[in-house]
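Enquirer: Dropping a structure here in structure tokens format, bear with me for questions.
The values are calculated or read from the model by the stated rules, or taken from the named source; none is laboratory data. Given the structure is predicted, the values throughout are model-derived calculations rather than measurements. Here Cβ is always computed from backbone atoms with ideal geometry, including for glycine, and neighbour counts include all displayed protein chains.
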There are 2 protein chains.
Amino acid sequence: MKRSDLIFRQLFDTSGSSTYTYLLGDPASKDAILIDPVLEMVERDLAVADDLALKLKYVLNTHCHADHITGTGAIKADIYLLPGEKVCFGERYVEVRATPGHTDGCVTYVSQDNGGMAFTGDALLIRGCGRTDFQQGSPETLFDSVHSQIFSLPETFRVYPAHDYKGRHHSTVLEEKTLNPRLTKTKEEFKSIMDNLGLPYPKKIDAAVPANMVCGIQD
Amino acid sequence: MKRSDLIFRQLFDTSGSSTYTYLLGDPASKDAILIDPVLEMVERDLAVADDLALKLKYVLNTHCHADHITGTGAIKADIYLLPGEKVCFGERYVEVRATPGHTDGCVTYVSQDNGGMAFTGDALLIRGCGRTDFQQGSPETLFDSVHSQIFSLPETFRVYPAHDYKGRHHSTVLEEKTLNPRLTKTKEEFKSIMDNLGLPYPKKIDAAVPANMVCGIQD
């Protein structure tokens, strides 16, 4: 019998941070995981899962976000994961890959479903990448992470980032390997680009980072 | 030989109207169609098509929009379609279904790819539907359109609307048949709901409708 397709929903934060949240569900067991929920959108996320009769087993973050407060704490407490671990839901899983560089704790979740999907957080964005000038960021580390952990995936794998500010929903490994204006450069050129972005201090970082260190659960 | 998967991208209007634009491409011929582009996002849409080496064959509207100016005229002039017609791109096509009621010219485009997809415009939204109080709208007509032309599709078909204001990207025929708070009602109850929405006059309608009647091409 053909295994039923993964239940998959990409959701957008309409409250301001342009974050993508991902719901992945196993149709047989109804077990599901939620990646990068945003505090303000938790009610919407739970309604989507509920309408699909899914049981949330884990709620995951790709990293300690600086631009929004995570919804993971509001849903349930999370756990720390190690590279190579598999987060299982029903007969399915996502594999944890360490992709530091935007922050030192960034991970990418890789699914073999739907032809292959990588949830890259801010490590790799569509035609871009996360900044490297705060939260223990490092352009050299980010360059190595993307090349060794994401660009090494099959080229047809889809890239699902934590954000896109132009309304694009996903990309592919092939597209980013050939068209990403930063990550197609040499490591030296990449470092020079990243060191000279001159970005403003993130508006929400002073509230978001401490909150996210405790899973978004605040007094 | 297994036929290659459809190239498919859902794109969001970040300029304010929350419109979804859809790019569908045939991998063999590289022929593609674009559904419901928004004038302000045409450059982004063309860049996405260009990056995927797609040739835009047709640019389609689901209806004469009241909330934004179409990008179809800026890309190329469009053609009038009749119910039952197939719009072909490479070896693929979308079928035109007449789904009036939000406006009298609304259509739904149905694709057999990716397990089945319906591009419903404003006829059917996720857990909602388009208003029926302007542009020759009619709740009875909309009710009949959705039930006869969309709910008659296989329940696993995905519903891709022209908008969602809660950051949801798609739904399914089954979900809307069972969970849509308006269209699960009787026709009489539906008419009563739609006649009592008390919605404000759309901000952009006086500019958007005349512009869209000439394909968004303005002096």
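Enquirer: If you check A:Ser29, A:Ser4, which single one turns out to be away from chain B (no Cβ under 14 Å) and outside any strand (DSSP E or B)?
Expert: When all the criteria are applied, what remains is A:Ser29.
Enquirer: Within region A:187-207, is even one residue within 14 Å of chain B (Cβ to nearest Cβ) and surrounded by fewer than 12 Cβ atoms within 10 Å (Cβ to Cβ)? Spell out how you get there, then give the answer.
Expert: Just the residues of region A:187-207 that are within 14 Å of chain B (Cβ to nearest Cβ), to begin with: none.
Scanning region A:187-207, I find no residue that is within 14 Å of chain B (Cβ to nearest Cβ) and surrounded by fewer than 12 Cβ atoms within 10 Å (Cβ to Cβ), so the answer is no.
Enquirer: Can you confirm whether B:Asp13 is within 11 Å of chain A (Cβ to nearest Cβ) and more than 29 Å from B:Lys203 (Cβ to Cβ)?
Expert: Working: within 11 Å of chain A (Cβ to nearest Cβ): yes; more than 29 Å from B:Lys203 (Cβ to Cβ): no.
No; evaluated as a whole, the condition is false for this residue.
Enquirer: For residues that are out of contact with any helix residue (DSSP H, G or I) (no Cβ under 7 Å at 6 or more places or on another chain) and farther than 20 Å from A:Thr172 by Cα, scanning just region A:94-121, find the one that is farthest from the other protein chains (Cβ to nearest Cβ).
Expert: Looking at the filtered set, the residue picked out is A:Asp104.
Enquirer: Is region A:27-38 home to any residue that is of a type in the set (S, T, N, Q) and in contact with a Ser or Thr (Cβ under 8 Å, 6 or more places away or on another chain)? Break it down stepwise before answering.
Expert: Residues of region A:27-38 of a type in the set (S, T, N, Q): A:29.
Still in the list and also in contact with a Ser or Thr (Cβ under 8 Å, 6 or more places away or on another chain): none.
Scanning region A:27-38 turns up no residue that is of a type in the set (S, T, N, Q) and in contact with a Ser or Thr (Cβ under 8 Å, 6 or more places away or on another chain).
Enquirer: I'd like to check something: does region A:58-72 contain any residue that is of a type in the set (Val, Ile, Thr) and out of contact with any helix residue (DSSP H, G or I) (no Cβ under 7 Å at 6 or more places or on another chain)?
Expert: Checking region A:58-72: at least one residue is of a type in the set (Val, Ile, Thr) and out of contact with any helix residue (DSSP H, G or I) (no Cβ under 7 Å at 6 or more places or on another chain).
Enquirer: Does any residue of region A:66-80 turn out to be away from every other protein chain (no Cβ under 14 Å), within 22 Å of A:Tyr201 (Cα to Cα) and of a type in the set (Asp, Glu)? First the steps, then the outcome.
Expert: Initial filter on region A:66-80 (away from every other protein chain (no Cβ under 14 Å)): A:66-67, A:69-70, A:72-80.
This time we only want the ones that are within 22 Å of A:Tyr201 (Cα to Cα), so: A:66-67, A:69-70.
Now restrict to residues that are of a type in the set (Asp, Glu): A:67.
Yes, some residue in region A:66-80 is away from every other protein chain (no Cβ under 14 Å), within 22 Å of A:Tyr201 (Cα to Cα) and of a type in the set (Asp, Glu).
Enquirer: While we're here: Identify the single condition in (1) assigned to a helix (DSSP H, G or I); (2) closer than 16 Å to A:Thr120 by Cα that A:Ile193 does not satisfy, given that it satisfies every other one.
Expert: (2)
Enquirer: Let me ask something else about it. Spot the failing condition for B:Phe151; the list is (1) within 25 Å of B:Ala208 (Cα to Cα); (2) away from chain A (no Cβ under 14 Å); (3) modelled with pLDDT of 95 or more, and only one is missed.
Expert: Single failed check for B:Phe151: (1).
Enquirer: Further question on the same structure: If a residue has to be modelled with pLDDT under 95, within 23 Å of B:Thr141 (Cβ to Cβ) and of a type in the set (A, V, I, L, M, F, W, C) to count, how many in region B:165-219 make the cut?
Expert: Here the count works out to 6.
Enquirer: Here is a further query. Can you go through B:Lys76, B:Lys166 and tell me which one is of a type in the set (D, E, K, R) and closer than 30 Å to A:Val38 by Cα? Let's see the steps before the verdict.
Expert: On the way: B:Lys76 fails: closer than 30 Å to A:Val38 by Cα.
Unique residue meeting the criteria: B:Lys166.
Enquirer: In region B:146-157, what residues are out of contact with any strand residue (DSSP E or B) (no Cβ under 7 Å at 6 or more places or on another chain) and crowded, with 22+ Cβ neighbours inside 10 Å?
Expert: B:Val146
Enquirer: Quick check: anything in region B:73-88 hydrophobic (A, V, I, L, M, F, W, C), closer than 23 Å to B:Gly167 by Cα and touching a residue at least 40 places away in the same chain (Cβ under 8 Å)? Can you show your working first?
Expert: First, the residues of region B:73-88 that are hydrophobic (A, V, I, L, M, F, W, C): B:74-75, B:77, B:79, B:81-82, B:87-88.
Add one more test, that the residue is closer than 23 Å to B:Gly167 by Cα, and what stays is none.
The answer is no; no qualifying residue exists.
Enquirer: Being of a type in the set (Asp, Glu), surrounded by fewer than 16 Cβ atoms within 10 Å (Cβ to Cβ) and within 27 Å of A:Phe151 (Cβ to Cβ) narrows it down to one of A:Asp36, A:Asp104, A:Asp50, A:Asp113, so name that one.
Expert: Working: A:Asp36 fails: surrounded by fewer than 16 Cβ atoms within 10 Å (Cβ to Cβ); A:Asp50 fails: within 27 Å of A:Phe151 (Cβ to Cβ); A:Asp113 fails: surrounded by fewer than 16 Cβ atoms within 10 Å (Cβ to Cβ).
Result of the check over A:Asp36, A:Asp104, A:Asp50, A:Asp113: A:Asp104.
Enquirer: Look through A:Ala66, A:Ala74 and report the one residue that is of a type in the set (A, V, I, L, M, F, W, C) and either assigned to a loop (DSSP other than H, G, I, E, B) or surrounded by fewer than 17 Cβ atoms within 10 Å (Cβ to Cβ) (or both).
Expert: Numbers: A:Ala74 fails: either assigned to a loop (DSSP other than H, G, I, E, B) or surrounded by fewer than 17 Cβ atoms within 10 Å (Cβ to Cβ) (or both).
Step by step, each of A:Ala66, A:Ala74 is checked, and only A:Ala66 is of a type in the set (A, V, I, L, M, F, W, C) and either assigned to a loop (DSSP other than H, G, I, E, B) or surrounded by fewer than 17 Cβ atoms within 10 Å (Cβ to Cβ) (or both).
Enquirer: For region A:14-26, what are the residues that are part of a loop (DSSP other than H, G, I, E, B), in contact (Cβ under 8 Å) with a residue 40 or more places away in the chain and either of a type in the set (Val, Ile, Thr) or surrounded by 23 or more Cβ atoms within 10 Å (Cβ to Cβ) (or both)?
Expert: A:Asp26
Enquirer: Can you name the residue in region B:158-169 that is surrounded by fewer than 22 Cβ atoms within 10 Å (Cβ to Cβ) and either of a type in the set (A, V, I, L, M, F, W, C) or within 8 Å of chain A (Cβ to nearest Cβ) (or both) and is also nearest to the chain's Cα centre (by Cα) among such residues?
Expert: Initial filter on region B:158-169 (surrounded by fewer than 22 Cβ atoms within 10 Å (Cβ to Cβ)): B:158, B:163, B:165-166, B:168-169.
Keeping just the survivors that are either of a type in the set (A, V, I, L, M, F, W, C) or within 8 Å of chain A (Cβ to nearest Cβ) (or both) gives B:165-166, B:168-169.
Numbers: B:Tyr165: 15, B:Lys166: 17, B:Arg168: 15, B:His169: 13 Å.
The selected residue is B:His169.
Enquirer: Any idea which of (1) closer than 30 Å to A:Asp13 by Cβ; (2) within 13 Å of chain A (Cβ to nearest Cβ); (3) aliphatic (A, V, I, L, M); (4) in contact (Cβ under 8 Å) with a residue 12 or more places away in the chain is the one B:Ala53 doesn't satisfy?
Expert: Only one criterion in (1) closer than 30 Å to A:Asp13 by Cβ; (2) within 13 Å of chain A (Cβ to nearest Cβ); (3) aliphatic (A, V, I, L, M); (4) in contact (Cβ under 8 Å) with a residue 12 or more places away in the chain is unmet by B:Ala53, namely (1).
Enquirer: Hey, another quick one. Can you go through A:Val48, A:Val42 and tell me which one is under 17 Å from the mean Cα position of the chain (by Cα), within 14 Å of chain B (Cβ to nearest Cβ) and in a helix (DSSP H, G or I)? Explain how you work it out, then say what you get.
Expert: Values: A:Val48 fails: under 17 Å from the mean Cα position of the chain (by Cα).
Answer to the check: A:Val42.
Enquirer: May I ask you to list the residues in region B:170-183 that are more than 10 Å from chain A (Cβ to nearest Cβ) and not hydrophobic (A, V, I, L, M, F, W, C)?
Expert: Those that are more than 10 Å from chain A (Cβ to nearest Cβ) and not hydrophobic (A, V, I, L, M, F, W, C): B:Glu176, B:Lys177, B:Asn180, B:Pro181, B:Arg182.
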